[in-house]
Amino acid sequence: ISGNLVNAALIYTNDPLSISADAVFAVGGDEDEANELYTAANVTYQITEPLSVNLYGYFTTDFDNDDSWCVGVNPSVDYQLTEHNTIGGGVFVNVMKSLKSISFPVYWKYAF
């Protein structure tokens, strides 16, 4: 997304549930090859103190080009081992008109 951007975001938290949504719209960028709309949402549910599940999804498109849309979904699980160490993993599915992909991201995060 490029050009002059308009952004809107929403966050709702009510333990153990957290929902966030974001939308970015490019205005005046019809001549370029960049996408003009990006929307995303993330839902997190804290099952127990160390264990949470997440669902992230997004959609992006260029209104000038019907073939440029992209949809992605990423369900994942996080487990906090200690105050500073968290591990997680999930499945990331990305679908475009010309390309489909699936990956299995895993991570270890250390927070100071």
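The values are calculated or read from the model by the stated rules, or taken from the named source; none is laboratory data. These numbers were taken from a predicted model, which means no experiment stands behind them. All Cβ positions, glycine included, derive from the backbone under ideal geometry; neighbour counts span all protein chains shown. Areas reflect the complete protein model, heavy atoms only, side chains present, ligands, DNA and RNA absent. Shrake-Rupley method; radii C 1.70, N 1.55, O 1.52, S 1.80 Å.
Here are a few things to note about the model shown:
- Computed over protein heavy atoms with a 1.4 angstrom probe, the accessible surface ordering of 69, 108, largest first, is 108, 69.
- Each Cα pair of the stretch 1-53 feeds into the Kirkwood radius, which the Stokes-Einstein equation turns, at 20 °C and 1.002 mPa s, into a diffusion coefficient of 166 µm²/s.
- Heavy-atom accessible area per residue - the chain, 1.4 Å, Å²: 67
- Accessible surface of residue 13 - all protein chains present, 1.4 Å probe, nearest 10 Å²: 90
- Ranked packing of 20-27, 5-12, most packed first, by mean Cβ within 10 Å: 20-27, 5-12
- Carbon + sulfur, % of accessible area of the chain - ligands and nucleic acids excluded, 1.4 Å: 63
- 3J(HN,Hα) from dihedral phi, the stretch 9-26, Karplus parametrisation 6.51/-1.76/1.60, rounded to Hz, x for glycine, proline: 9, 9, 10, 10, 10, 8, 2, x, 9, 9, 10, 9, 9, 9, 9, 10, 10, 8
- All Cα pairs of the chain, percent lying beyond 17 Å: 64
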